[in-house]
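To keep things clear, I will list the structure first and then write my remarks on it.
The values are calculated or read from the model by the stated rules, or taken from the named source; none is laboratory data. Keep in mind that what you see is a predicted model, and the values were worked out from it rather than measured. Heads up, the Cβs are rebuilt from the backbone with ideal geometry, glycines too, and the neighbour counts pull from every protein chain shown. Accessible surface is based on the protein model in full, side chains and every heavy atom, while ligands, DNA and RNA are left aside. Shrake-Rupley method; radii C 1.70, N 1.55, O 1.52, S 1.80 Å.
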Amino acid sequence: MHRCKAMADIGRRQFLRGSALVAAGATVAAAGAAPPHAKAAMPAARVEYPSNRLANVSELKMNEPLEVNYPDADAPGVLLKLGARVEGGVGPDGDIVGFCTICPHKGYPLAYSADNRTFNCPGHYSVFDPEKGGQQVWGQATQNLPQYALRVAENGDIFAEGVDELIYGRLSNVL
Amino acid sequence: MAFKRNIDRLPIIPADAKRHNVTCHYCIVGCGYHAYTWPVNKQGGPEPDKNIFGVDLSEQQAAETVAWYSPSMYNIVKQNGEDVHIVVKPDRECSVNSGLGSVRGARIAEMSYSEARNTQQQRLTDPLVWRYGQMQPTSWEDALDLVARVTAAVIKEKGEDALYVSAYDHGGAGGGYENTWGTGKLYFEAMKIKNIRIHNRPAYNSEVHATRDMGVGELNNCYEDAELTDTIFCVGANPLETQTNYFLNHWVPNMRGTTADKKNEQLPGEEHPPVRIVFVDPRRTVSINACEAEAGADNVLHLAINSGTDLALFNAIFTHIVEKGWTDKAFIEASTGGFDEAVKGNKMTLEEASNICGVPAADIEKAAQWIAEPKADGKRRRTMMPYEKGLIWGNDNYRTNAALVNMALATGNIGRSGGGCVRLGGHQEGYARPSDAHVGKPAAYVDQLLIDGQGGVHHIWGCDHYKTTLNAHEFKKVYKKRTDIVKDAMSAAPYGDRDAMVKAIIDAINQGGLFAVNVDIIPTKIGQACHVVLPAATSGEANLTSMNGERRMRLTERYMDPPGQAMPDCLIAARMANHMEQVLRDMGDADYADKFKGFDWTTEEDAFMDGYHKVAKGGEFVTYDRLREAGNNGVQEPATGYESGKLVGTKRLYEDGKFGTEDGRAKFMVSEWRGLQAPGKQEQKDKYKYLINNGRTNHVWQSAYLDQENDFVMDRWPYPFIQMNPQDMTDAGLKEGDLVEIFNDAGATQAMVYPTPTARRGETFMMFGYPTGVQGNVVNAGTNELILPNYKQTWADIRKIADAPRNVAHLTFKSQEYKST
């Protein structure tokens, strides 16, 4: 898999915008503690995810993962066009999915097997199925693979706007 | 869609959180964990000084970090009556797992009882009795009084042989030294119960009787031996799924070559070639796949023998090793007996074995070479021979076990670094009981006697025959009928009139009924038939000691409260004994009542000190305080002393060449091949189309007694799978996910079809002991001469019940094998 620099850069800019929102929230909370009668800021029940443009549908090739990062540069993942509609899939054919590719067991980078259409972990042999919402076919992780909530704009731009499981190595999906 | 928790952040463990030693309470490996707890209204922060790790948690942590935990490692539980956050995460400093958590152990927190987060709400909280036609809560006093009165009346009238007992003998959850001592003292000391069985088999016997009779205890090596060995000869076992972190943390490093320094340091003066692995298993498993990925396919040999033919294979390898002169003559001379008789009695050529086992003679010869042919430098190969349920629940258990130990003895591989002939184990161990000699050998076939109408009272401790016995279909049918007789009688009597109630029960027993008492942590399947159900505490809700597969003993400290009125089993046994004493005294039998003295324990530590500390080998050195100090590395049994503030243990057994026989010599055993030994097996094989091989799968612990309430697991396996060859599926008109009936002359059960190209034609593999499809229903009643069940050799036909239901539609049916590209 080759890394598309331009995409990563765009992702990073979007990431900065997203993380700025979180930082602003944190500032309010921190400042709120000082004045005697200040009202505590109400925290959201879930973290605020950035809406990041990851790629355009025209860049995806069938069954070839496109490397992306989400919700920030330290969280590698892929977009994948599967060729058949799947639950959770987006795009004109409902077949585009996105996953974090850090193994949720011990944090090893997952490799994609185009033959089996599975993500495989070289650390402890876990196998995940992108055609079934990242379900762990077999393995040691106690989570299925974190999947992106994707949105496709009219011009075909693909945005990630959330993740459905905790990403390995962080106690908050948005740092 | 696959199950997702949609949890995107977790409370951070504060720097001042409490830390408790925890040994995972599931499998034999016993991985080290820590339970961190802190008040529910507090939390740590990402700044290094605000979290227990002392690191900046606002940054992404690297692979293998200690500073991360998954949502499954988190919960909110009660501790001394207060809600606390809890994180149970693997301990990197534990030599067993070095920070690894399996898909089972890494869910300890999520599998805990939490009223705040609604996990494990199935847990029993109060004693229950059959009252007004259903199970109703009551007090301990009331429930135990009823149990004691009925039990006392039956044993007084009919003798102690009318009290039937099913009691686990293992460690870990629902087990441990405290609790086996509690039941052991009650049934083997206060009483002499003969009709007793163990959790997974229908009699009170050893699963590995032969090796013990040969003087070789079955847990004789240490996990480090897998890092040092030249060859692993693995029989009927699938360690990646069933002893996961032993395999990942001790076998894999050897295959990857990362234990080279350790080999050179500990075993100087000999070459250390790449490790080779032989698997004896009719089925290709993920363990074999992982070994091929790590050691290279050239260093892995899979002997996919015909089911149940292990004995012929071992005898042929043994014969070949002897003929080639690859035996350890000095060891045989100094430390064993009976070698010549075994050589004569077990003679089997490679060709004979090839015909029986269905594998090429050249492969059998290759296995013999890998086991025993001297290395290039002329030094003996170090060979480890682990085995588990494929042998233990397989054809002709006693002889097959003996034949394997013969090979290990002949090659001098017991009591030696990098050696060992060891069972891999299921549960942890935790056995401390008074003598069971009165039970006899062969022991009573308890399930069959119950089917035959014997017994008046049945006490069941942490066992579920409905899910995990053989001949289960028939057992359930009769058991329900007999316990219903008592239920109907109880429903007709006013509950508050104790004398009338006891009389009604006794009358029902005299009409063929059975009064059943079930002690467990959850409502079990057999519990549905019981009249009294008593709630037990599990690991972490009480202090608990057990040992793992290398005899490593640890203390799991109590870190949370048991649900409701639940108590540890040892204290339930003690309170039951107290009630028995009182009832017998009231009946005017002071002598009998006096036998129930000595149960004045108020804590689990009292039971430990009364039992393990007094009766176990080396137990006099071991106390809770000393185990607390020893932490998650504990001490390897037997303990031999306490020096400089540390318990001293035993790394390997028999390093001195002295074995567990009267003359200290290990015994070779004659173990001739005699085909499918258990009654009815050959007939079943001849009559039905498919082998219904069976066993465990990675996600699930044991019979899924906790997993059945875990969304992550039940999402993956709503039904037990049955792996089938795709061509067999086509022939039978089956698609992936279809529900099928598996049926034969013993019974019927159901499973979900999982297409498996590596499965041989006519050979299936079904999950064992699953609540939504019990494989034991189709296992016939045949056992070996010591009443060991033969679950593995089962044949049946398969027919479609229904298309894949809704809760199967989202499942993946892809290959479970890891693929590097």
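Some observations on this one:
- Test: residue B:117 is over 30 Å from residue B:240 (Cβ atoms) and in contact with an Asp or Glu (Cβ under 9 Å, 6 or more places away or on another chain): yes
- Exactly one residue among B:72, B:58 is open to solvent by 50 Å² or more (accessible area, probe 1.4 Å) and small (Gly, Ala, Ser), and that residue is B:58.
- Any chance residue B:389 is among the basic types (Lys, Arg) and within 25 Å of the chain's Cα centre (by Cα): yes
- Any chance residue A:17 is under 24 Å from residue A:168 (Cβ atoms), exposed (fewer than 15 other Cβ atoms within 10 Å of the Cβ) and either modelled with pLDDT under 50 or in contact with a strand residue (DSSP E or B) (Cβ under 9 Å, 6 or more places away or on another chain) (or both): no
- Residue count for the stretch B:606-637, restricted to those that are under 24 Å from the mean Cα position of the chain (by Cα) and open to solvent by 50 Å² or more (accessible area, probe 1.4 Å): 3
- Taken over the stretch B:790-818, the criterion of being under 18 Å from residue B:726 (Cβ atoms) and within 12 Å of chain A (Cβ to nearest Cβ) is satisfied by B:808, B:811, B:812, B:813, B:814, B:815, B:816, B:817.
Yes/no matrix, rows are residues, columns are (1) under 24 Å from residue B:146 (Cβ atoms); (2) at pLDDT below 95; (3) not aliphatic (A, V, I, L, M):
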site	(1), (2), (3)
B:443	no, no, no
B:450	yes, no, no
B:462	yes, no, yes
B:470	no, no, no
B:475	no, no, yes
B:480	yes, no, yes
B:485	yes, no, no
B:500	yes, no, no
B:509	yes, no, no
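Condition check ((1) crowded, with 23+ Cβ neighbours inside 10 Å; (2) within 22 Å of residue B:816 (Cα to Cα); (3) not aliphatic (A, V, I, L, M)) across all residues:
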site: B:234; (1), (2), (3): yes, yes, yes
site: B:245; (1), (2), (3): yes, yes, yes
site: B:261; (1), (2), (3): no, no, yes
site: B:269; (1), (2), (3): no, no, yes
site: B:292; (1), (2), (3): no, yes, yes
site: B:299; (1), (2), (3): no, yes, yes
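Per-residue answers, yes or no, for (1) over 19 Å from residue B:573 (Cα atoms); (2) open to solvent by less than 10 Å² (accessible area, probe 1.4 Å); (3) touching a residue at least 12 places away in the same chain (Cβ under 8 Å):
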| residue | (1), (2), (3) |
| --- | --- |
| B:489 | yes, no, yes |
| B:492 | yes, no, yes |
| B:499 | yes, no, no |
| B:502 | yes, no, yes |
| B:508 | yes, yes, yes |
| B:511 | yes, no, yes |
| B:517 | no, yes, yes |
| B:520 | no, no, yes |
| B:531 | no, yes, yes |
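- The stretch B:344-368, subset under 21 Å from residue B:384 (Cα atoms) and without any contact (Cβ under 8 Å) to a residue 60 or more places away in the chain, residue farthest from the chain's Cα centre (by Cα): B:365
- Enumeration of residues in the stretch B:6-41 that are without any contact (Cβ under 8 Å) to a residue 12 or more places away in the chain and at negative phi: B:8, B:9, B:41
- Candidate set: the stretch A:65-78, residues that are in a strand (DSSP E or B) and touching a residue at least 60 places away in the same chain (Cβ under 8 Å); chosen: the one nearest to residue A:101 (Cα to Cα): A:77
- Top-ranked residue in the stretch A:139-173 [being among the hydrophobic types (A, V, I, L, M, F, W, C) and at the interface with another protein chain (Cβ under 7 Å from one of its Cβ atoms); ranked as nearest to the chain's Cα centre (by Cα)]: A:163
- Residue tally, condition within 14 Å of chain A (Cβ to nearest Cβ) and either over 24 Å from residue A:126 (Cα atoms) or not in a loop (DSSP other than H, G, I, E, B) (or both), over the stretch B:245-304: 21
- Residue selection: residue B:216 satisfies the criterion of being among the β-branched types (Val, Ile, Thr) and over 26 Å from residue A:123 (Cβ atoms).
- Look at (1) open to solvent by 10 Å² or more (accessible area, probe 1.4 Å); (2) touching a residue at least 60 places away in the same chain (Cβ under 8 Å) and you find that residue B:312 fails only one, number (1).
- Test for residue B:197: is it farther than 26 Å from residue B:652 by Cβ and either free of Cβ contacts under 8 Å to residues at least 24 places away in the same chain or open to solvent by 10 Å² or more (accessible area, probe 1.4 Å) (or both): no
- Count of the stretch B:695-750 residues, restricted to those that are part of a strand (DSSP E or B), within 13 Å of chain A (Cβ to nearest Cβ) and either without any contact (Cβ under 8 Å) to a residue 24 or more places away in the chain or open to solvent by less than 10 Å² (accessible area, probe 1.4 Å) (or both), is 1.
- Hits in the stretch A:89-120 - residues which are in contact (Cβ under 8 Å) with a residue 60 or more places away in the chain, at the interface with chain B (Cβ under 8 Å from one of its Cβ atoms) and surrounded by fewer than 22 Cβ atoms within 10 Å (Cβ to Cβ): A:107
- Scanning the stretch B:781-795 for residues that are buried (at least 24 other Cβ atoms within 10 Å of the Cβ) and polar (S, T, N, Q) yields B:783, B:790, B:793, B:794.
- Criterion (open to solvent by 20 Å² or more (accessible area, probe 1.4 Å), assigned to a loop (DSSP other than H, G, I, E, B) and small (Gly, Ala, Ser)) met by exactly one of B:330, B:376, B:334, B:362: B:376
- Residue B:429 falls short on exactly one of the conditions (1) farther than 24 Å from residue B:28 by Cα; (2) open to solvent by 20 Å² or more (accessible area, probe 1.4 Å), and that condition is (1).
- Elements of type strands (runs of 3 or more DSSP E) in the stretch B:48-164, at least 3 residues being within 14 Å of chain A (Cβ to nearest Cβ) and within 29 Å of residue B:428 (Cα to Cα): B:82-90
- Checking residue B:102 against (1) more than 15 Å from residue B:29 (Cα to Cα); (2) buried (at least 23 other Cβ atoms within 10 Å of the Cβ); (3) not aliphatic (A, V, I, L, M), the condition it does not meet: (1)
- Top-ranked residue in the stretch B:573-592 [being buried (at least 19 other Cβ atoms within 10 Å of the Cβ) and aliphatic (A, V, I, L, M); ranked as farthest from residue B:536 (Cα to Cα)]: B:584
- Just one of the numbered conditions (1) open to solvent by less than 10 Å² (accessible area, probe 1.4 Å); (2) over 33 Å from the mean Cα position of the chain (by Cα); (3) among the hydroxyl-bearing types (Ser, Thr, Tyr) is not true of residue B:483: (2).
So that you can scan it fast, the table gives a plain yes or no per residue for (1) open to solvent by 10 Å² or more (accessible area, probe 1.4 Å); (2) in a helix (DSSP H, G or I); (3) more than 20 Å from residue B:224 (Cα to Cα):
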{"site": "B:380", "(1), (2), (3)": "yes, no, no"}
{"site": "B:391", "(1), (2), (3)": "no, yes, yes"}
{"site": "B:399", "(1), (2), (3)": "yes, yes, yes"}
{"site": "B:402", "(1), (2), (3)": "no, yes, yes"}
{"site": "B:412", "(1), (2), (3)": "no, no, no"}
